[in-house]
Amino acid sequence: MPVNSLRPLKPTDFDYWKAQHLLNRAGFGGTPSQARALARMGLDEAVDHLVEFDKVAPLPDDETTFAGDIMRPPTEEERAEARRARQSNDEPALERIQRERNRRQAADREQMGAIQRWWLKRMIETGRPLEEKLTLFWHGHFATGYRTIEDSWHMLQQNQLYRKHAAGSFSELCFAVIRDPAMLKYLDNDENRRSSPNENLARELMELFVLGEGHDYTESDIKEGARALTGYSFEDDAFVFRANQHDDGPKKILGKTGNFDGDDFLRIILARPVASEFICWKLYRFFVNDLPGTPDKDTQGFILKLAKELRERDYNLKPVLKQLFKSEHFYDSANVAALIKSPVQLIVQTVRSLRTPVRSLNALNSACDLMGQDLFYPPNVKGWDGGRAWINTSTLFVRHNVVIYLLTGRRPEQYPWEANGATYDSLHLVEHLAEGGPPPAGEAIPYLLRFTLGSEPRPERVDRLIRFVEETGGSIDNDRMIAVLALIAAMPEYQLC
């Protein structure tokens, strides 16, 4: 079998373990019963079920509970009042205006925290896991941070934009992004005027969003692209095109000359083959193997085939994702347990696969932050580096402890009696292995290791855990199962999926 094969996996080869691999990668894992159900569907139906997620009932539309007017622009009356106060140096009035501004900012920060909890809860509960997984992918690709935006409603709008286009057309998503208030603010395009072009958005479209750094463009192309994007701005929560600020003169971008606007600029760069290759490389690292550095020859061949398919499908992602998730290469042993779990993946997959209590969304969001992935707060416009960057001595400590917290309710600094009281029934993980009660350790441990680690366990891991069960009573009960899961969570392999 060629390593870079896009050929579909043989239907007879799609078994329980490959179904579990698909659940881990095209979502955030699943329980043993969900993996069995997916395996019974067969490869084609299983992939279609996950990718055609719009056929699955969505979660309730509870984001309507958030307020869109906390950081609204001042009214004409408020502007006039502030102007009068400044002109007359009315300190009590100026202090009152500042207090109101501070109150709104504090309320907006509080709402941003609520939106973080809402999204994490959504990833845990959704019946459309690939939709949320792709929303997370686009959040890291078109990275925008709240600290710069300081408007939680705009961050929520952007999150909904990524969800709307999650598996749709990449080109349509790009056109939507250059009209998104959060992105326009983050990259200063609301200040991009013909008299003083701002290059930030044009540069990142070429370097980070569409073509990739150093690929197929020059500094001159960036400058001309910035001119094309002049006048692309927003007012309150909506995009506006300010024609009086747009440079309508001729521009030369990637060898083409014309009176281009921002949409023309995008069409020109999306027409370059390197655009499809770049986005397929990003998708590959997110879904298949987060290889450091430049892909090897075989991997490059696979990515080029995916990119050709993406171009032929006019940048529509669903057919490409289906082909990826059905391919022999996706299920190759070299690509199983080959991704380092992001902090979000670690937490959500632990809950969804082991069916632990959620405990506290506040605590889980804090853990995400400590592990380096604070939702809505990417470190910069490049997003999170991912891969090996997720792992260091401090994050490993938190990674282990957050799983212990989900299993037991205990935080590292707490006494046992201070633990979150929600009980966890872990025996559902192995109940299908035997009738009439828990299976023997010799059967449960190898299965549990493979299920939690995502690949065939090393024999010494199996022997050590069987010995632990035998030395602590010899039978599998709920307490002993939780102890075994805690020991597995401490293994380096648990950080992979």
- request: Take the solvent-accessible surface of the protein heavy atoms, probe 1.4 Å, and return the percent of it on the range 134-256 that carbon and sulfur atoms account for.
  value: 44
Probe 1.4 Å, protein heavy atoms only - accessible area per residue of the range 376-473 in square angstrom: 55
field: FRET E, pair Glu312, Ala57, Förster distance 30 Å, beta-carbon r, rounded to 0.05
entry: 0.40
query: Per the 1.4 Å probe, what fraction of the accessible area of the range 421-462, in percent, lies on carbon and sulfur atoms?
result: 50
HN-Hα J in Hz across the range 217-229 - Karplus 6.51, -1.76, 1.60, θ = phi - 60°, x for Gly and Pro: 8, 10, 4, 4, 5, 5, 4, 5, x, 4, 4, 5, 8
query: To the nearest 0.05, what FRET efficiency results for Arg79 and Ala37 with a Förster distance of 45 Å applied to their C-beta separation?
result: 0.15
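Rounded to the nearest whole Å², what accessible area per residue is found for the range 86-205 with the 1.4 Å probe?
40
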Surface accessible to a 1.4 Å probe, per residue, for the residues of the range 208-334, Å²: 43
- request: Could you order His246, His49 by accessible surface area, starting with the largest, using a probe radius of 1.4 Å?
  value: His49, His246
- prompt: Where does the chain land at 222 nm, in deg cm²/dmol rounded to the nearest 500, when only DSSP H runs of n ≥ 4 count, each adding -39500 (n - 2.57), divided by all residues?
  reply: -16500 deg cm²/dmol
task: Starting from the Cα of Lys10, draw a straight line to each of the aspartates and glutamates and keep only those under 18 Å, dropping any in the same chain fewer than 8 residues away.
output: Asp44, Glu45, Asp48, Glu328, Asp332
task: Report relative contact order for the range 232-310 in percent, whole number only (criteria: Cα-Cα under 8 Å, sequence separation at least 6).
output: 19
- prompt: Once both labels are modelled 7 Å past Cα along the beta-carbon direction, what's the Phe397-Thr65 spacing in nm?
  reply: 3.5
statement: For the pair Leu427 and Phe239, the simple spin-label estimate (label points 7 Å beyond Cα toward Cβ) gives in nm 5.6
- prompt: Which of Thr148, Trp138, Pro197 sits farthest toward the positive end of the charge dipole of the range 83-203, with +1 on the Cβ of Lys and Arg and -1 on the Cβ of Asp and Glu?
  reply: Thr148
message: Highest mean first, how do 40-46, 298-304 rank when packing is the count of other Cβ atoms within 10 Å averaged over residues?
response: 298-304, 40-46
field: Whole-Hz ³J(HN,Hα) from phi, Karplus 6.51 cos²θ - 1.76 cosθ + 1.60, for the range 118-134, glycine and proline x
entry: 4, 6, 4, 4, 4, 5, 6, 9, 4, x, 10, x, 5, 4, 6, 5, 6
task: Would you be so kind as to identify which of Pro11, Met71, Ala46 lies farthest towards the positive end of the dipole of the range 1-110, taking Lys and Arg as +1 and Asp and Glu as -1 on Cβ and the Cα centre as origin?
output: Pro11
- prompt: Along the range 110-117, what does the Karplus equation 6.51 cos²θ - 1.76 cosθ + 1.60 (θ = phi - 60°) give for ³J(HN,Hα), rounded to whole Hz, x for Gly and Pro?
  reply: 5, 5, 4, x, 5, 5, 4, 5
- prompt: Sorted by average packing, counted as other Cβ atoms within 10 angstrom per residue and highest first, what order do 160-168, 234-242, 487-495 take?
  reply: 160-168, 487-495, 234-242
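Please give the contour-minus-distance gain from Lys252 to Asp44: 0.36 nm per residue of separation, less the Cα-Cα distance, rounded to one decimal in nm.
70.3 nm
So for Glu328, Glu199, Glu456, what's the accessible-area order with a 1.4 Å probe, most first?
My answer, sorted largest first, is Glu456, Glu199, Glu328.
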- request: Taking amide H positions as placed in the peptide plane 1.01 Å from N, state which residues far from Leu496 in sequence (5 or more) or on other chains have amide H under 5 Å from it.
  value: Lys341
task: May I ask which residue of Tyr405, His165, Val210 lies farthest towards the positive end of the charge dipole of the chain, with charges of +1 (Lys, Arg) and -1 (Asp, Glu) on Cβ and the Cα centre as origin?
output: Val210
- prompt: If amide H atoms are built 1.01 Å from N in the plane of the peptide, which residues on other chains or at least 5 residues away come under 5 Å of the amide H of Phe234?
  reply: Val240
message: If amide hydrogens are placed 1.01 Å from N in the peptide plane, which non-local residues have theirs closer than 5 Å to the one on Ser169?
response: Leu317
message: 7 Å from Cα along Cα→Cβ at both Asp90 and Ala434: what's the point-to-point distance in nm?
response: 8.0
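The values are calculated or read from the model by the stated rules, or taken from the named source; none is laboratory data. Worth saying up front: this structure is predicted, and the values here are computed from it rather than measured. Using ideal geometry, Cβ is built from the backbone for each residue, glycine included, and neighbour counts are taken over all protein chains shown. Each accessible area value is taken on the protein alone, full model and side chains, heavy atoms only, with ligands, DNA and RNA left out. Shrake-Rupley method; radii C 1.70, N 1.55, O 1.52, S 1.80 Å.
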